[in-house]
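Each reported figure results from applying straightforward, stated rules to the coordinates on display, with no laboratory input. Every value quoted in this text rests on a predicted model; they were computed, and no experiment measured them. Cβ atoms come from the backbone with ideal geometry, glycine included; neighbour counts cover every protein chain shown.
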Amino acid sequence: MTITAKQLLNTQHGEIYSVTPDSFVIDAIRMMNEKEVGALLVIEDDRLVGILSERDYSRKVILNNRSSSDTMVSEIMTSDLKTVNPAQTIDECMIIMSNNHIRHLPVVDGDKIVGILSIMDVVKSIISEKEFIIEQLEHYITDTT
């Protein structure tokens, strides 16, 4: 039983929250707060060009005494993106996130943005899968004795 990125996304609300590179950071932070998410995709002309996370904000705006109202998303977003395709497994997603120290992972199919996975989504899925396997093994053991 191996869950894919697409299968995990299908269990979620399905909305993709995004901003454009020329948005002001304050507006992006307000959207994150309103939508209760830790990151937004940065999309320009229907193309994924970056991601803006709370970590980007804290390290590149707050710690540098910059103004959220005067700073554009393009100035602080992460543009060197790690992505996965919908067929990749949750275990593969976890490895990519762990190896790259990232908490949000966009899922793309060619040039089409499919969604975004958070580390919490991935961890919960892996735990659920492992619990299911343990339960199946327990049933197998108790039914054969």
query: With respect to the numbered conditions (1) surrounded by 11 or more Cβ atoms within 10 Å (Cβ to Cβ); (2) without any contact (Cβ under 8 Å) to a residue 40 or more places away in the chain, which one is the sole condition not fulfilled by Glu131?
result: (1)
task: Could you tell me which residue of the stretch 18-37 is nearest to Arg66 (Cα to Cα), considering only residues that are surrounded by 16 or more Cβ atoms within 10 Å (Cβ to Cβ) and within 14 Å of the chain's Cα centre (by Cα)?
output: Met32
message: Six or more apart or on different chains, Cβ atoms under 8 Å: show the pairs whose first residue is in the stretch 75-87 and exposed (fewer than 15 other Cβ atoms within 10 Å of the Cβ) and whose second is among the small types (Gly, Ala, Ser).
response: Ser79/Gly50; Asn85/Ala5; Ala87/Ala5
query: Among (1) surrounded by fewer than 17 Cβ atoms within 10 Å (Cβ to Cβ); (2) at negative phi, which single condition is Thr71 missing?
result: (1)
